[in-house]
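A quick write-up on the structure given underneath.
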Amino acid sequence: MNNIVLQEIVFLLILIGFSIPLGIYITNVMNGQNVFLTPVLSLVEKGIYKWMGIRDEDEMSPKEYTFSVLAFSAIGLIIVFSIQMLQNILPFNPEHLKSVRWDLAFNTAASFVSNSNWQAYSGESTLSYLSQSIGLTVQNFVSAATGIAVLFALIRGFVSKKQKTIGSFWQDLTRVTLYVLIPLSLILAVLLVSQGVVQTFSPYKEVAALQSGTAQVIPLGPAASQIAIKQLGTNGGGFFGLNSAYPLENPTPFSNFLQLLSILLIPAALCVSFGKAVKDRKQGRSVYAAMLILFVLSLAVVSISEQCLGPTFHGVLSSGSMEGKEVMHGVGTSALWGTATTAASNGSVNAMHDSFTPISGLILMFLMQIGEVVFGGVGSGLYGMLAFVILTVFIAGLMVGRTPEYLGKKIEPYDMKMVCLIILVPPLFTLFGTTSAVLIPQAASWLTNHGAHGFSEILYAFTSMGNNNGSAFAGFNANTVFTNVIGGMIMLIVRFVPMSAVLYLSGNLSNKKTVAVGEGTLSTSNTMFTGLLIGIILIIGALTFLPALALGPIADFFTAVK
């Protein structure tokens, strides 16, 4: 247990150390300032703007920005859907895989466009190299870039005064992709290839198995390039069905560390970016601290549960609950990855979450159910957390009888309506999807387990889709017409309704004047406010999901055979 704690402390220190300079760099990029890559990439950036017909002074209203986001995402949805449907006649299909069934193609397209990366298929047996690289990998880049772009549009709402514009979506999208996501992905992909992660367009390889006279087919493909951005962009969709538990996707302890660090790196760095962008680094540190405290508490519970509450066997030296885990990673790294991937809206796995203990499963679900705001997705995690910050300021203002203010902007009824959309839409559709699945008579045939654990599998699946995470509890056959269609619609709604609300919130804030700080102004950067923020997040999550969790992992814990 001591080794596990030491490993987690070292990881968090490295994460914090790397996130600070990266956060400063991202702010400079998004503000259009020169960075060390400017001499190399400025001509490319200007060429993209010229090709798109964009001028430096172009600015968008909230309505125009929202329309651009939705139109761009809709085009991506159509392209990814079409590639899957036509992959049997398109090139780079050495295994001659047939076209994807329409409902699965829709679900997959919706999943990757919404940055959920939920997968109801195994990539090596379903998608061609073209579908994986041109379809899914491209969406990994642009869906992540869209989230960061919308975050900075919101930040401009806080710092602008009496403005009716919130920036240009096309400039934001280009800058974050060109200067942040592509360079980081290139570095990570090269490091992963050095560890043995496969990157090739060669056909699958047949090799002799250990058993005499038998052969085994080894799936190959351009995996490293997709894995790099799947982690950095908090996408999580694996090239292979087993995701990062598969040896060719995550072969060594060092590749495991690199991928694990990548999951949280940009979301953590954006907290630093926020503080620098609003010219008050204490605000960024306050949000960072709230996320870090929630993450550490969750990690502690999962680690203890997996180490101490797993099944034990007579005569066997216990090393924790090793069911469903890779021996190379063990309990500690698996617990750290499980906590990170559900906290960060990533969804990749290096162990099977269905095999985690009920208490661990509860924590992993709850991290998603509170809105993926503990670091969360790139961009989306922080703007979700800022919605909770505004809600906390509003509640605190009601308690002391003052008009709530945040970063010099008065929080008014319109702002709170947008905040409610951001916070409440994901849990509403999570519970709607779970209820719909449970009421279908054939749902029992989709489950490996029944009773409380079976319900947990359904709840986890729709929690994952309803919060743009993408990880799976396993044990639930998600590749059905019902789940593909309903799940795809849920993923699109919970991505783009809150995102649109964020942009309109930004526009309303941007159009306000700044209010001077007075003696009665609530401090939003001290320890008391951080604690209040954490309390509001936990209370809303508990009030929303406690009944469902009581029927699922909590009941599973008390009914499990000891």
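Derivation of every value follows stated rules applied to the coordinates shown; laboratory data play no part. In this text the structure is predicted, and so the values were computed from the model without any measurement. Neighbour counts run over all protein chains shown; Cβ positions are idealised from the backbone, glycine included.
Can you work out the Karplus-derived ³J(HN,Hα) for every residue in region 115-132? Use 6.51 cos²θ - 1.76 cosθ + 1.60 with θ = phi - 60°, whole Hz, and x for glycine or proline.
Computed from phi, the couplings for region 115-132 are 6, 7, 6, 5, 10, 9, 8, 9, x, 5, 10, 10, 10, 6, 4, 5, 4, 6 Hz.
Just grab the label-to-label distance for Arg101 and Lys63, each label 7 Å out from Cα along the Cβ direction, in nm (one decimal).
Label-label distance for Arg101 and Lys63, simple model: 4.3 nm.
Using packing as a proxy for protection, rank 228-239, 203-214 so that the peptide with the highest average count of other Cβ atoms within 10 Å comes first. Spell out each step's value before the answer.
Numbers: 228-239: 29.7, 203-214: 9.2.
The peptides rank, most packed first, as 228-239, 203-214.
For a quick size check, give me the Cα extents of the chain along its three principal axes, largest first, whole Å.
Sorted largest first, the three principal extents are 78, 56, 47 Å.
Which FRET efficiency value, to the nearest 0.05, is calculated for Val44 and Phe558 with the Förster distance at 60 angstrom and r the Cβ-Cβ distance?
On the way: r = 59 Å, r/R0 = 0.98.
Approximately 0.55, to the nearest 0.05.
What list of ³J(HN,Hα) couplings, whole Hz, do you get for region 258-271 from phi and the Karplus terms 6.51, -1.76, 1.60, once you set θ to phi - 60° and write x for glycine and proline?
4, 5, 5, 5, 5, 4, 9, 4, 5, x, 5, 5, 5, 5
Determine the shape class of region 377-559: with a ≥ b ≥ c the square roots of the Cα gyration tensor eigenvalues, call it rounded for a/c under 1.5, and otherwise prolate if a/b is greater than b/c, oblate otherwise.
On the way: a/c = 3.36, a/b = 2.03, b/c = 1.65.
Prolate, because a/c is 1.5 or more and a/b exceeds b/c.
Could you calculate the FRET efficiency of Ser122 with Leu37 from 1/(1 + (r/R0)^6), where r is the beta carbon distance between them and R0 is 41 Å, rounded to 0.05? Don't jump to the answer; show the numbers that get you there.
Working: r = 37 Å, r/R0 = 0.91.
For Ser122 and Leu37, the calculated efficiency is 0.65.
Which cross-chain or sequence-distant (5 or more) residues have an amide H under 5 Å from the amide H of Tyr406, H modelled 1.01 Å from N in plane?
Residues meeting the amide H criterion: Ile411.
Using 0.36 nm times the number of residues separating Phe18 and Met489, minus their current alpha carbon distance, what extension gain do you get? All intermediate terms of the calculation are to be shown ahead of the outcome.
Values: separation 471, 0.36 × 471 = 169.56 nm, distance 3.65 nm.
Gain on extension, Phe18 to Met489, equals 165.9 nm.
Per-residue counts of other Cβ atoms within 10 Å, averaged by peptide: what ranking do you get for 459-466, 118-125, highest first? The partial results should precede the final answer.
On the way: 459-466: 28.2, 118-125: 21.1.
Sorting 459-466, 118-125 by mean packing, highest first, produces 459-466, 118-125.
Between Ile395 and Val517, with labels modelled 7 Å along Cα→Cβ, what's the label distance in nm to one decimal, could you check?
Simple spin-label model gives 2.4 nm for this pair.
Using the beta-carbon distance between Ile9 and Met528 and R0 = 30 Å, what value does 1/(1 + (r/R0)^6) give for FRET efficiency, to the nearest 0.05? Each step should come with its number before you reach the end.
Values: r = 26 Å, r/R0 = 0.88.
For Ile9 and Met528, the calculated efficiency is 0.70.
Please list the non-local residues whose amide H lies under 5 Å from the amide H of Gly241, H modeled 1.01 Å from N, same-chain partners needing a gap of 5 or more.
Gly123, Glu124
What residues have an amide H closer than 5 Å to that of Val515, excluding those fewer than 5 places away on the same chain, when H is modeled at 1.01 Å from N in the peptide plane?
The list, which skips near neighbours in sequence, is Lys409, Lys410.
Where does each of Phe473, Phe36, Phe529 land when they are ranked from fewest to most other beta-carbon atoms within 10 angstrom?
On the way: Phe473 26, Phe36 9, Phe529 19.
Lowest to highest Cβ neighbour count: Phe36, Phe529, Phe473.
Quick one: Karplus J couplings for region 215-225, per residue in order, coefficients 6.51, -1.76, 1.60, θ = phi - 60°, nearest Hz, x for Gly and Pro?
Result, ordered by residue: 10, 9, 8, 9, x, 10, x, x, 7, 4, 5 Hz.
Please work out whether region 1-115 counts as rounded, prolate or oblate from its C-alpha gyration tensor, where a ≥ b ≥ c are the square roots of the eigenvalues and a/c under 1.5 means rounded, while otherwise a/b larger than b/c means prolate and anything else oblate? Walk me through the intermediate numbers first.
On the way: a/c = 2.08, a/b = 1.15, b/c = 1.81.
The shape class here is oblate.
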